[in-house]
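Here the structure is laid out as structure tokens; the discussion comes afterwards.
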Number of protein chains: 2
Amino acid sequence: MKTIGIVGLGVMGASFAMRCKQLGYIVYGIDIDHETIEYALDHDMIDEGDTKGDGSLWKCDMVLLALYPKQLKSWIEQNQKELKPGTLLLEISGVKSNISKELQNILRPDLELLSIHPMCGRESRGIRFADPKIFENANFIIIPLENNSTKAVVAISAFAKELGCKNIGVLSVEEHDRMIGFLSQLTHVIAVSLMNTHENAHLVEYTGDSFRDLTRIAKINEDMWSELFVLNKEILLDEIDQFMASIQNFRTLLQNEDIDGMKKEFIQSTDRRKKFDQ
Amino acid sequence: MKTIGIVGLGVMGASFAMRCKQLGYIVYGIDIDHETIEYALDHDMIDEGDTKGDGSLWKCDMVLLALYPKQLKSWIEQNQKELKPGTLLLEISGVKSNISKELQNILRPDLELLSIHPMCGRESRGIRFADPKIFENANFIIIPLENNSTKAVVAISAFAKELGCKNIGVLSVEEHDRMIGFLSQLTHVIAVSLMNTHENAHLVEYTGDSFRDLTRIAKINEDMWSELFVLNKEILLDEIDQFMASIQNFRTLLQNEDIDGMKKEFIQSTDRRKKFDQ
């Protein structure tokens, strides 16, 4: 029977807790908010919980840090003394540049920290939106650094399968953050910018699927995403610039009424998009 | 028992034909392609059909022109002599500037032409994708000009209800094309430009809902959309410029690591988007 500590019972941490309980893990929950702990205990999401962790961390084989990226360093500095040697720490932040390596530098040498990215976030935040089913068929990416052990990578790959994830991939920090910069962060910048282009409440009654699809992710957790954008700033600026060059190119074709040029763009986008059909 | 002629049995025309048959109309189908007529007859989409229309147009109370915008003028010039006085013509092109008024100028004075926009297009083209259910709960917009009769507007409003449409609105040409420029055309420009930002086939396995949602409409009929974009060029260029200013504004906030500024954008987009939830 494995014992897992989950630090931060927001929507992701609490979803992990519920799923691990289903799988038979002993789950310790740690959250600075007393009411969150009460809620987790009342809903049988965790076996034990407290606001500090000094009573339970030493019992854990594995500790999942489901915190905002900027909280990770101070949490490790203050709490790693409680962990038993060999404990595997996991962090799940949405980008890894400016995070993983800095954390390795302050980590006790007898502990291991592995970066993962379960790609199954939710628009809403907080324990009330937790759901053990979010892992089902999700993508799960492991982003190891040089000092990570093969043993840890193999164990977490098995853990991801246990959770129910489908595609389990291994990427470098650079590959991961470039992929996230395009597929996730750029799409959120576009959705937010489209929603903010101009006032539009009077258009609600005419709206069809196109506009709804393109702006669904304009509902966004402002605290987390502003932090993640800054952490991945250079890549995201570059992706924004490439997108703006693409739309500027299309604008020029339209300005010149270049029908053939526009058709080429449409044919290319149609061909490329077909590859993404599930 | 009403008699309707449908000119052009593409995905829209044939969907109208099927729905009108369900409602008990006598439906004459006209298409330049002989095989399309055969297909429509074989599948009981129309009562009679031919490639010219000189045998059936005189019998119609109403004629729906489901043609590409640029085909409308020459069709009217060549065929209106066949129509009986008082026939109501409908045209369904996706934008109305540079279309409706020009057509009125060549129309026989004893005929009436009313512009409508049933907002229920399909990604795929051709009679094989026709579906009588596309009108169910769709938005239906009537775009009358000054010389249109109240009688025709009322009759077509009732027709739209019969089809199964939910929101039946009346807009001016300018209001309609501005709305379409933002909600439909700009969103397609964005989806196509995002898909064409750079090569991305290697990212398929990591793709989640965000990217799929934003690029679904990047699969696009290149012939029709390039035509519609040029017809609404001035408005669409203006909407693209406003969107690019919005994304440039966000880029500057990110460049400056202006967390508070980004949060304001996120909060505004979240608030605005909530109004669009169904």
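The values are calculated or read from the model by the stated rules, or taken from the named source; none is laboratory data. The model shown is predicted, which means the values in this text are computed figures rather than measured ones. Cβ: placed from backbone, ideal geometry, glycine included. Neighbour counts: every protein chain shown. Heavy atoms of the whole protein, side chains included, go into the accessibility calculation; ligands, DNA and RNA do not. Shrake-Rupley method; radii C 1.70, N 1.55, O 1.52, S 1.80 Å.
Counting protein heavy atoms only, chain B has 49 percent of its accessible area on carbon and sulfur, 1.4 angstrom probe. With label points set 7 Å from Cα along Cα→Cβ, the inter-copy distances at A:Gln78 are 7.9 nm, sorted shortest first. Please report the spacing between the Cα centers of segment B:102-181 and segment B:1-37 in Å, no decimals. The distance from the Cα centre of segment B:102-181 to that of segment B:1-37 comes to 16 Å.
Inter-copy label distances for A:Trp58: 10.2 nm (label point placed 7 Å from Cα along Cα→Cβ; shortest first).
Nearest-to-axis residue in chain B, judged by Cβ distance to the rotation axis that brings B onto A and given in whole Å, is B:Asp213, 2. Only the Cβ atoms of Lys and Arg (+1) and of Asp and Glu (-1) were treated as charged; on that basis the dipole of chain A about its Cα centre amounts to roughly 680 debye.
Please return the longest stretch of chain B lacking exposed loop sites, where GluC sites (Glu not before Pro) count only if DSSP places them in a loop and at most 15 other Cβ atoms lie within 10 Å.
Details: sites that count: B:Glu123, B:Glu136, B:Glu146, B:Glu199, B:Glu257.
Longest gap between qualifying sites, sites excluded: B:1-122.
How many square angstrom of accessible surface are buried between A and B, both sides summed, with a 1.4 Å probe and rounding to 100?
Values: alone 15980 and 15940 Å², together 23500 Å².
What A and B bury together is about 8400 Å².
Over all distinct alpha-carbon pairs, what is the Kirkwood Rh of segment A:178-278 in angstrom? Please report the intermediate quantities before stating the final value.
Values: mean 1/r = 0.0638 Å⁻¹.
Answer for segment A:178-278: a Kirkwood hydrodynamic radius of 15.7 Å.
Relative intensity of segment A:3-171 on a log10 scale, I(q)/I(0) at q = 0.10, 0.13, 0.14, 0.17 Å⁻¹, equals -0.32, -0.56, -0.66, -1.02, per a Debye sum over C-alpha point scatterers of equal strength in the absence of solvent.
Among residues other than B:Gln255 with Cβ under 11 Å from its Cβ, the summed charge is -2 (Lys and Arg +1, Asp and Glu -1).
Principal-axis analysis of the Cα atoms of chain A puts helix A:233-255 at an angle of about 20° to the longest axis. Plainly put, the tip 7 Å out from Cα toward Cβ on A:Ser172 is 5.9 nm from that tip on each other copy, the closest given first.
Is there a simple number for the mean count of other chain Cβ atoms within 10 Å of the Cβ of residues in B:226-238, and what is it?
Values: counts 12, 3, 0, 7, 5, 0, 1, 3, 0, 0, 2, 3, 0.
Mean shielding by partner chains, rounded to a whole number: 3.
Taking the longest Cα principal axis of chain B as reference, the axis of helix B:222-231 is set at about 80 degrees. The residues packed around A:Asp44, meaning those with a beta-carbon under 14 Å from its beta-carbon, carry a net charge of -2 if Lys and Arg are +1 and Asp and Glu are -1. By a 1.4 Å probe calculation restricted to protein chains, B:Trp58 has an accessible surface near 140 Å², given to the nearest 10. A probe of 1.4 angstrom, applied to the heavy atoms of all protein chains, finds A:Ile267 with accessible area near 80 square angstrom.
Other residues whose C-beta falls under 13 angstrom from the C-beta of B:Val189 contribute a net charge of -2, scoring Lys and Arg +1 and Asp and Glu -1.
Please report the relative contact order for chain B, taking Cα pairs under 8 Å with a sequence separation of at least 6, and give it as a percent rounded to a whole number.
About 15 percent, as a whole number.
Helix-only mean residue ellipticity at 222 nm, the protein assembly as shown, DSSP H runs n ≥ 4 weighted -39,500 (n - 2.57), per residue, nearest 500. What is it?
Working: 22 runs with 246 residues, N = 556.
Rounded to the nearest 500, the figure is -13500 deg cm²/dmol.
The alpha-carbon of B:Lys73 sits under 28 angstrom from the alpha-carbons of these lysines, leaving out residues fewer than 8 places away in its chain: A:Lys263, A:Lys264, B:Lys2, B:Lys21, B:Lys52, B:Lys59, B:Lys81, B:Lys84, B:Lys96, B:Lys101, B:Lys151, B:Lys233.
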